[in-house]
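Following: one structure in structure tokens, then a few remarks.
What follows draws every value from the coordinates through simple rules; no lab data is involved. On a predicted model such as this, the values are computed, not experimentally measured, just so you know. Positions of Cβ are backbone-derived with ideal geometry, glycine not excepted, and every protein chain shown enters the neighbour counts.
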Amino acid sequence: MSDKILILYGSYRSDRQGIRLANYLVNAFAARGASPELVDAKAVNLPMLDRMYKEYPTGQAPAKLERLAEKIRTADAFVFVTGEYNWGIQPGLKNLTDHFLEEWFWRPAAIASYSAGRFSGVRSGTAWHGTLSEMGMIVVSSTIAVGGISQALSADAEPTGDGGAALARAFPRFAEDLAWWTEAARAQHARTKPPY
């Protein structure tokens with residue numbers, strides 16, 4: 001069975017570089033036989049959070065919320081691709097994520113961070129770990145962190161230079177860790193319903 005993986009990306013900037021990492025992950029997971037899909041917060045363009053999906057009466061949520069809720073509910077796993085803004089997480093990705101809650105429960109998530117600088121967005125990745133855990137996901141221990149994003153990946157999401165080579169070396173373990181937890185969650189779901 002092919003793992004359905006949502007790759008969630010949140011930059012709204014006009015010259016965004018992290019889309020290269022998001023596209024790299026889509027391609028790399030597909031090459032492993034998974035079924036990845038990019039969810040680009042800028043393209044989805046949800047408003048600032050006022051009402052969560054669950055707060056709408058059944059059948060009355062805006063169509064784009066309804067479509068995204070279905071994608072989240074039917075995914076096997078998630079990868080959050082996050083840049084670092086002033087030591088923190090991207091507001092666009094956080095806003096998209098916060099529109100949902102129960103839809104995320106009982107599935108694994110992985111974090112891939114990036115930045116223009118040498119710290120590779122790791123402070124953002126660390127902040128996301130606690131957020132995703134609180135939102136009911138199991139966060140795998142393997143992470144990807146790409147510094148110098150514009151030098152590590154070409155505009156076509158191809159690894160370049162030392163940074164790209166490091167990313168290519170790190171990806172297999174990252175993917176295998178996520179696949180293991182995805183299979184574990186699938187087996188547990190087949191065995192018993194979640195406790196709540």
For Ser35, what residues show an amide H to amide H distance below 5 Å, using hydrogens built from the backbone and excluding near sequence neighbours? Asp3, Lys4, Ile5
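Please rank Tyr85, Tyr114, fewest neighbouring Cβ atoms within 10 Å first, as an exposure proxy. Provide the component values of the computation, followed by the final result.
Numbers: Tyr85 17, Tyr114 31.
Lowest count first: Tyr85, Tyr114.
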Need the list of aspartates and glutamates near Lys54 for cross-linking: C-alpha distance under 18 angstrom, and skip anything on the same chain fewer than eight residues off. Glu66, Glu70, Asp98, Glu102, Glu103, Glu134
Would you list Arg169, Arg107 from fewest to most Cβ contacts within 10 Å? Arg169, Arg107
Karplus-derived 3J(HN,Hα) from phi for the stretch 170-182 (6.51 cos²θ - 1.76 cosθ + 1.60, θ = phi - 60°), whole Hz, x at Gly and Pro, runs 7, 4, x, 5, 4, 5, 5, 4, 5, 5, 4, 5, 5
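Determine the percent antiparallel among the DSSP beta bridges restricted to the stretch 4-191, to the nearest 5.
Working: 3 of 26 bridges.
Taking every DSSP beta bridge with both residues in the stretch 4-191, the antiparallel ones total about 10 percent.
Which pairs, out of Lys64/Lys94; Lys42/Lys193; Lys64/Lys193, put more than 23 Å between their alpha-carbon atoms?
Details: Lys64/Lys94 17 Å; Lys42/Lys193 34 Å; Lys64/Lys193 28 Å.
Pairs exceeding 23 Å: Lys42/Lys193; Lys64/Lys193.
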The simple spin-label model distance between Thr58 and Ser150, using points 7 Å out along Cα→Cβ, in nm, is 5.1 nm
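If the stretch 57-101 were replaced by its equivalent ellipsoid, with semi-axes equal to the square roots of 5 times the Cα gyration tensor eigenvalues, what would those be, largest first, whole Å?
Values: eigenvalues 118, 37, 10 Å².
Equivalent ellipsoid of the stretch 57-101: 24, 14, 7 Å, largest first.
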Please give the calculated 222 nm ellipticity per residue for the chain, where each DSSP H segment of at least 4 residues contributes -39500 (n - 2.57) and the sum is spread over every residue; nearest 500 deg cm²/dmol? -13500 deg cm²/dmol
If amide H atoms are modeled at 1.01 Å from N in the peptide plane, then the residues at a separation of 5 or more from Ala109, or on another chain, having amide H under 5 Å from its own are Phe78, Ile138, Val139, Val140
Just to compare against my own numbers: the Cα pair-distance distribution for the chain, 5 Å bins, whole % per bin, please. 1, 8, 17, 21, 21, 16, 10, 4, 2, 0, 0
